[in-house]
Structure formats: structure tokens, C-alpha cells
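One structure below.
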């Protein structure tokens, strides 16, 4: 009998015998030690605009150097990047980039931020931790895009070096999380509360799937929970579903449901509500919560207007707006 | 090591002429749906546009694919050109070859852009070919409806589009796992049944209050029935509770799933022809973790060669 090991990263808390890998496919018990097969071996490396993650309140129109590896601890049926998240690293080719080289390449391409996205950065936790420390020394921002299925202790360690985070609140019932995503809801709510306390710019996305996630009553409950427990200044993104992976029989969401969901959220009292993956009239503009004028107007991945002072205030009425903004807009790309 | 970086490639007049050789002059890129106007002499013959400007959500295997498309006034495509892509598959470069791009010239928008029927695909790069076809189809239909819309008569007399009829009930049948159980849920009606039963007993006992012997026997019978009903409800509740308990990470290690399947093979393994239209309900036990052991030699080889890393994790503990 060899040594057994318990991983303490996410709420599944897998207990692994010798030569067994956890549910994320990436952490393995080798000779009594827990080993991550993916440290410094990303599978996707690309330069993206920040609005793609989507993050709207951190340096709009900047570039993000995004990194991803194989593996994920959930298995959502609508995953867009299922080729990355539901496959194993030992059956595919990987790049090899140490944390130093990541930061050096980001500087070479004039990127203001590094994003850990596409698949699940919780699964390559050590890689994100080490690169975020080096990035902070070199004045580069760190962006964390994940589903939030992680224990609070490792989250608090990481959150000291993060600048922005986008977390998926996929639904608001335990049944949906269990049946469609094979996870749970309570740990995700805890991560949202923790990140709201720390000095991190939090944004929340909700993917609306017809016939599964469509109920306006649950959306109202979700918005009320956000208003009470987190605050009205955290932006909410409603994004459109396209058939993918295991849900190819459903249609894409009609634009009317997204517009109705946005109305419900604005009635509850949230300040910033956006619609993603669709071109709508006011779905991507930020309105000032005080004077209700258009401050930042976006069209796809382009920023058309930018009316925020370098101190982070509305140009017309002087209200402070939640986010990190440019000091000299227009000179840097 | 090639790092993909193709967001800011410029488009020249040669590219536009490759896509639309019948035009003599092009305008500047402008508009809410960004496009170039194409003129022959003084007459407008069509437009050119890039697909990611109109729908940036369509993706290939590893990132979006930028395609220049030319559209004529009569809603046919004059040609396409793939400007940039970020695919890391070896066969995906064949998107840029001439034979693949020339398939799209002369196509009407109403045709189904399906790889395998209309369009020839590429072995080893199915996703990239499919995404190119999807992008061209979607964006061409959007732009044609905005710039060159059909009049009402033309739509109803010369329509060639394939309209997929969708209804939510059909989708629920096709989806293999039934997770919305909107059938009879007895837990809602248990209280009502119990109260009804108790009122019945009280009424019967009230009528028999004079004959005390018969009352006694009937009372015992009613108690027995009560116990049977409560046990029945308990058993049903235990079966249903698997779908309604709150999350408990330590236990259980297995969970049950209802799947509607059609048997596809014999016990011996021979494939069955689908003669029967019935479906079966099977409860499957799925192990939640420990999904398969690794091949230790393979992984140690890969760690030595550099494809995988053997670095120790930060947060774990030993367990007896």
C-alpha cells in the first residue's frame, strides 16, 4: 500500500491513491507527492483585447496576454473551450513557458495585463501564483477569469496579487449546478464574497440558456442577492448562448430575453449591467449612476467614447466610478 | 516556437481586388457595419467586409479567423480570402489555399453551407473548415439583409432557405438526460393527502361513536393504514432525496443519473438494428473521482522530455 494524499484546492477534496489523478485530470499522486503536470506548460497563448474576457472597468482598449493550460475541475455541458478543458495534458502537445518568460513576452508585445483564462486557472494554481508575483513587480496587471470553484484559503493567498477577476455565476439553483455543471453553488457564492472584500475589481457573468436558465424570477433573486451581499457597484454581464459541446440541440438565446434580464437587473438597483455576444444599442455602454449620461461607449472590441477623468470621475458630474482608469488615454494602445 | 499575433494586419487594395476582380474602384472603410463599397465605373456592384467586425464570436480551433468576403448586389458571394488565423493544428494552413477559397465564389446566400455536402472539407482540420463556412454564412446573410434586402414577393416565391423548425418540447426529447422533472411530484401533495385522511377518520369515528367495540376495531385499522402510508412516503422520499439534497462534499462518492437510452448492442457486443422505438430508463453509478490511473512510465517519460512538468503542488496533505 502506497501513500495516500488529499488535495485541498477545490471543494471536491479528492483523496488519491498511488498513480491516481484527480477530477481535474491535471494533479497526480506520484510516489506519495501531489504533482501538477501543467506548471509552466501552457496550451494556448494569445494576445486579446480586454473586452473579450469580459472586463469593462479596467483600462478599456488595453491588451491582455492570455494563457491557458489543459484541464478543469468542472464539466459544464455548454463549455466553449471544451477542447482545452476536457482533455488531458499527456495526450497533447504543450508549449513550455516559465513564469519569467511569460512576463518578458508580455512586455515585448506591449501588453498592460496578463490574463489567466480560456480554461480554468484554479487548476494551474501554482503557475498563476508565481507569475502574478513577478508581474506585480514589473507593474503589469493580473486578470483572473474562472468559475470560482475553489476553497477560501488558497483564494485569499492569490487575491493579494490580483487586480481584476471575472467569475461565472452560471445559475442560482443547486439543481442547475449539479445537473448541468457537475459542481455546486455555495462555494461560488463564498468566492464572490471574499473577492468583494479584497482590493480586486470584480465582474460577474451569467450565461442565459433557453429552457434551462431562462426564468426571470431566479434572475431577480440573483440580482437581489448581489445587491444585498456584495453591492450595487459590481458590474453584471448577461451573455448569449450558442450551441456547443453537449447542448447542440438548443437554439441560441433570443435577444429579447437578454434585454428583459437587463431591465430586471436595472430595476433591482444595480448600476452597471451589460449584454455580451450580441450587438445591441446600449448593451455595452456604461452609464453614470448619478447623471445617467453615456461615459464609455463600446462597439464590439472597440471603444468609441471615453469620458472619464484621470482621477476616475465622471466628466460631467464628478461622481466616482468603480474601476481602474487611464491617466493618459489615447497615447497607449 | 511560433506565437500567434495577427490582430493588426493591414488590408491593401490587392486583397480587395483578389476578392472582387470585377470592380474598378473601392471606397474607404466606414459605417455601422464596417464595409468597403465596390464600384464599376459609377455604379455600385457590391460590398466587401471582414467577418470578425460583424460577428467576433465565431471561433476556429484556437481563436477567431479573419476572412475578407465580397458580396454582389444579387446576394451572391464573389469570393473570400482568409487574412489571419491562429490555428495551431498542422493541417489548418490549408484554409488559405486557393482551391478551398474558390469554392465560395458564385454561391447564393440561401444555400446551406455544410461541410461534406456543399463544401469540401479538410482532413485533420474539420473545425477550422466548419468555422470558415459558418462565418461566411452568418455574416453574409446579415449584411445582405441590411444592404440588399429582398422584396416581399421574391421572398415567398424564390426562397431556397432551409428553415429549421424548433420547439422546446422537441429539444427536451432529443436531450438525453432529463433534468427537469416536471412530472407528478408527490412531496407537494403528501400533506394534503394526510390531512384528507385524518378528516376522513374523524368523520367515520364520529358516526360510530355509539358502538364502542366496532369503534375500537376501526380505530386500530386506521392506525395501521396511517403507518403504511407514512412508510410509503418515507421510502419515496429517500429515493427522491438524491436529487434534492444540499451539497455535501465528503459523501457520497458516487451519484446516480437517469439516462434515456436505446440499447445499441447485444450482450455479446454485436450491434443491434434500431427496430424498436422504446426507450429504457437506466440508473448508472458513476465514480466521481479517481477517474482512471495513469501510466506511470509514459508520464515519467514525458516529464523527462519536457512536455509535462513534475513540480510539487502547494496545498495538499497526507492521509492515512
Yeah, the stretch A:22-119 with a ≥ b ≥ c from its alpha-carbon gyration tensor (a/c under 1.5 is rounded, else prolate when a/b outruns b/c, oblate otherwise) is oblate
For the ranges A:122-133, B:51-62, what's the packing order if you count other beta-carbon atoms within 10 Å of each residue, average per peptide, and put the highest first?
A:122-133, B:51-62
Among B:221-234, A:20-33, A:230-243, the order from most to least packed when residues are scored by Cβ within 10 Å on average
A:20-33, A:230-243, B:221-234
The distance between the Cα centres of the stretch A:241-287 and the stretch B:21-62, in whole Å, is 28
Calculate, for residue B:10 and residue A:107, the FRET efficiency according to 1/(1 + (r/R0)^6) with r their C-beta to C-beta distance and R0 22 Å; round to the nearest 0.05.
0.35
Find the all-direction average of the projected area of the Cα convex hull for the stretch B:43-158, expressing the result in square nanometres with one decimal place.
7.6
Between residue B:97 and residue B:221, 0.36 nm times their residue separation minus their Cα-Cα distance comes to what?
36.1 nm
Please give the FRET efficiency for residue B:17 paired with residue A:245, using the beta carbon to beta carbon distance and R0 = 41 Å, rounded to the nearest 0.05.
0.55
Average partner chain C-beta neighbours within 10 Å, per residue of B:299-311?
6
Kirkwood hydrodynamic radius (C-alpha pairs) into Stokes-Einstein, chain A, 4 °C and 1.567 mPa s, D in µm²/s:
63
Counting other beta carbons within 10 Å of each residue's own, what order do B:198, A:67, B:119 fall into, fewest first?
B:198, B:119, A:67
So how far apart, in nm, are the two label points at residue B:213 and residue A:227 if each is 7 Å from Cα heading toward Cβ?
7.1
For a test of the definition: using alpha carbon positions, the gyration tensor, and the 1.5 limit on a/c, classify the stretch A:80-154 as rounded, prolate or oblate.
oblate
FRET efficiency, 1/(1 + (r/R0)^6) with R0 45 Å, evaluated for residue B:317 and residue B:228 via beta carbons:
0.35
Expected integer from the mean partner chain Cβ neighbour count at 10 Å over A:276-288 is 1
Cα pairs beyond 12 Å in the stretch A:212-256, in percent, come to 71
For residue B:145 and residue B:191, compute 0.36 nm times the residue count separating them, minus their Cα-Cα distance, and round to one decimal in nm.
10.8 nm
Partner shielding of A:33-40, as the mean number of partner chain Cβ atoms within 10 Å, equals 6
Classify the stretch A:223-315 from the C-alpha gyration tensor, please: rounded if a/c falls under 1.5, else prolate or oblate depending on whether a/b exceeds b/c.
oblate
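Every number here is computed from the coordinates shown, using simple stated rules; none is lab data. Note that the structure is a prediction, hence the values are computed from the model and not measured. Cβ coordinates were reconstructed from backbone atoms using ideal geometry, including for glycine residues, and neighbour counts include every protein chain displayed.
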